[in-house]
Structure formats: C-alpha cells, structure tokens
Amino acid sequence: YKNVSDLSKEIIENLPEEPLTLGDAEEIFEKDYLQKALEENDNNLTETAHKIGLRHETLWRKCKKLALA
C-alpha cells in the first residue's frame, strides 16, 4: 500500500475530462491494453495473443477493429 497515493494521483490524472459511456470507456481501455501488450512483445501478434490468453485470430480482429493493425 506504499504507492496508493501515487497510483490514485495517476488514475485521477488519466480520467477523461468529459464523461464517457461504458462502451466508450471499455473500447479505450481495450485499445490501450492491447497496444501496451503488443509493444511489450515487439508487435508480435502470436506471442501477444498467447501471453494475454486470446486466440491469434481474435487478437487480429480486435486490432483491426481498434485500428492497431
């Protein structure tokens, strides 16, 4: 719990200025999550899919939908 105040501050700094719908928030989170996962795996779709527990085809479809591929 040492870093709770730092983490809370970071969460507040990253909150959107305008309210979002749940669907919009989910899409933003998913895009950020997948982008980070891909970067951590040198943009290797197969390796990223394996590490995050998705089928390669599912990750490819999500990346295409979110304009990550």
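The values are calculated or read from the model by the stated rules, or taken from the named source; none is laboratory data. Note that this is a predicted model, so its numbers are computed, not measured. Don't worry about glycine lacking a Cβ; one is built from the backbone with ideal geometry, like all the others, and counts go over all protein chains shown. Side chains included, ligands, DNA and RNA excluded: accessible areas come from the protein's heavy atoms. Shrake-Rupley method; radii C 1.70, N 1.55, O 1.52, S 1.80 Å.
Within the full protein context, the accessible area of Lys51 is estimated at about 130 Å² for a probe radius of 1.4 Å. When the chain is described by a simple charge dipole with +1 on each Lys and Arg Cβ and -1 on each Asp and Glu Cβ, the residue from Leu66, Leu22, Ile52 located farthest towards its positive end is Ile52. Surface analysis of the chain yields an accessible area of 88 Å² per residue, using protein heavy atoms and a 1.4 Å probe.
Taking the C-alpha atoms only, the angle from helix 4-14 to the longest principal axis of the chain is near 70 degrees. Dividing the mean sequence gap of close Cα pairs (under 8 Å, 6+ apart) by how many residues the chain holds gives a relative contact order of 23 percent. Figure note: Ile12, Ile28, Ile52 ranked by solvent-accessible area, largest first, 1.4 Å probe, ligands and nucleic acids not counted: Ile12, Ile28, Ile52.
How charged is the neighbourhood of Glu40? Take every other residue with its Cβ under 14 Å from the Cβ of Glu40, and add Lys/Arg as +1 and Asp/Glu as -1. Value of the local net charge: -2. Rounded to the nearest 10 degrees, the angle from helix 56-65 to the longest Cα principal axis of the chain is 60 degrees. At the listed q of 0.12, 0.19, 0.25 Å⁻¹, the Debye profile of the chain, built from one uniform point per Cα, gives log10 I(q)/I(0) equal to -0.42, -0.83, -1.02.
At a 1.4 Å probe radius, which order do Leu15, Leu68 fall into by accessible area, largest first?
Greatest to least solvent exposure: Leu15, Leu68.
Remark: the chain carries a charge dipole of roughly 380 debye about the Cα centre, counting +1 on each Lys and Arg Cβ and -1 on each Asp and Glu Cβ.
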